[in-house]
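Written out below as structure tokens is the structure these notes cover.
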């Protein structure tokens, strides 16, 4: 049984944009093992919470992380379903596109 995901091109672009920043990749790596609060992420990454908040907002807008509030702290975790959607999007290229060798560029005639 194959699960089908409907992901818009905007969601795909947003996901890959969020993944294009090394600090956001580091945040996601930390969240792979457990849910963490902003203070724990800030301490682990050695960056100010204000800078971290900007990156967490980008990840949240891309639907790559989820947040929940407990008392005065906000806890973040991975939204695995969005990673599955991005993975499925990429797998379509591998599955249905034949990999061909690159065609040599033709020299353009000079005037």
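Values quoted throughout were computed directly from the atomic coordinates according to the rules given, and no laboratory measurement underlies them. Since this is a predicted model, take the numbers as computed values, not measurements. Positions of Cβ are backbone-derived with ideal geometry, glycine not excepted, and every protein chain shown enters the neighbour counts.
One residue stands out among those in region 71-81 that are more than 23 Å from residue 17 (Cα to Cα) and in contact with a strand residue (DSSP E or B) (Cβ under 8 Å, 6 or more places away or on another chain): the one that is surrounded by the fewest Cβ atoms within 10 Å (Cβ to Cβ), which is 73.
Kindly indicate whether residue 91 is assigned to a loop (DSSP other than H, G, I, E, B), free of Cβ contacts under 8 Å to residues at least 60 places away in the same chain and loosely packed, with under 13 Cβ neighbours inside 10 Å. No, not satisfied. On the basis of being surrounded by fewer than 18 Cβ atoms within 10 Å (Cβ to Cβ), touching a residue at least 24 places away in the same chain (Cβ under 8 Å), in contact with a helix residue (DSSP H, G or I) (Cβ under 8 Å, 6 or more places away or on another chain) and in a helix (DSSP H, G or I), does residue 55 make the cut? The answer is no for residue 55. Within the option set 67, 42, 33, 50, being surrounded by 17 or more Cβ atoms within 10 Å (Cβ to Cβ) and without any contact (Cβ under 8 Å) to a residue 12 or more places away in the chain holds for one residue only, 42.
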